[in-house]
Amino acid sequence: ESDAGDYTCVCGDKQSTASLAVHALPVVFNEELKNEEVLEGSSVSLRCELSKAAPVQWKIGSKVLKASDKYQMRQSGTTAELVIHDLEVKDD
């Protein structure tokens, strides 16, 4: 639930009201992706950690990746992971 809203302090027939606005902090990378070198035919896991849980999108160049037998995406809380299976030389 959001903490934003109107709060009221009541004492008998008197009251005081204030409006509270809460602004979201931007998401930043606490841990960025690391360069990897792996052998053709193997799998690799790319992982990053965010400052707070937020949806991520994985790309290679400008192409958005979709979950498949080759690309497995996982996200648990603030950690996002991409596993690429059966690597080919053209995947770099």
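The values are calculated or read from the model by the stated rules, or taken from the named source; none is laboratory data. Since this is a predicted model, take the numbers as computed values, not measurements. Positions of Cβ are generated from backbone atoms using ideal geometry, with glycine treated the same way; all protein chains shown enter the neighbour counts. The accessibility values were calculated without ligands, DNA or RNA, using every heavy atom of the protein model including side chains. Shrake-Rupley method; radii C 1.70, N 1.55, O 1.52, S 1.80 Å.
Observations
- Surface composition of the chain: carbon and sulfur atoms hold 51% of the protein heavy-atom accessible area at a 1.4 Å probe.
- Considering only S51, S19, S68, the mean-square fluctuation computed in a Gaussian network model of the chain, springs between alpha carbons under 10 angstrom, is largest for S19.
- Qualifying GluC sites (Glu not before Pro) in the range 1-48, DSSP loop, other Cβ atoms within 10 Å at most 11: E1, E32, E36, E37, E40
- The mean accessible area for residues of the chain, using a 1.4 Å probe and ignoring ligands and nucleic acids, is 82 Å² per residue.
- Within the chain, the trypsin sites (Lys or Arg not before Pro) that combine a DSSP coil assignment with at most 15 other C-beta atoms in a 10 angstrom radius are K34, K52, K66, K70.
- For the range 29-84, the calculated P(r) over all alpha carbon pairs, in 5 Å bins from 0 to the bin holding the longest distance, is 4, 17, 28, 27, 18, 5, 1 percent.
- Lysines whose Cα lies under 30 Å from that of K70, excluding same-chain neighbours fewer than 8 positions away: K34, K52, K59, K90
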